Ligand code: FES
């Protein structure tokens, strides 16, 4: 089922990313060379807000430590690092995403299957440091 995320006029500018609330989640929308993609907003490294990152080489660069996420596939450099991507369509000036694939309401980063593995791989928590 598709649900309205925002209006077309609110989409990020060319080669920029932006955050949008959607139910209890936040979605990162990226405009890569005019192609609009939607994916989870939470970086699997330490939870950085991807929609506040920049686009470089077609990837969304996490603003905290620079992991680069492909907004079409949801994949980043480390093996197995993948976040959800959502089908997007624009109808009548509205931007819609397919929401049945969203993490259930109240979903937290810690509940995502790959989080525990990535947290273990990344060592002691030094949030806020590079
Ligand atoms: S939180 Fe995204 S790269 Fe560290």
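Just so it is clear, none of the values below were taken in a lab; they were calculated from the coordinates. All of these numbers come straight from a predicted model, not from anything done at the bench. Cβ: placed from backbone, ideal geometry, glycine included. Neighbour counts: every protein chain shown.
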Fewest to most Cβ atoms within 10 Å: 22, 28, 62 sort as 22, 62, 28
Just want the ordering: 65, 45, from fewest to most Cβ atoms lying within 10 Å of their own Cβ.
65, 45
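Which whole-number percentage describes the relative contact order of the stretch 16-93, with Cα contacts under 8 Å and a sequence gap of 6 or more?
For the stretch 16-93, the relative contact order is 24 percent.
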What full-extension length gain, to one decimal in nm, is calculated for residue 90 and residue 19 as 0.36 nm per residue of separation minus the Cα-Cα distance?
23.9 nm
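Calculate, in nm to one decimal, what residue 100 and residue 8 gain on full extension: separation in residues at 0.36 nm each, minus their alpha carbon distance.
Values: separation 92, 0.36 × 92 = 33.12 nm, distance 2.13 nm.
Gain on stretching residue 100 to residue 8: 31.0 nm.
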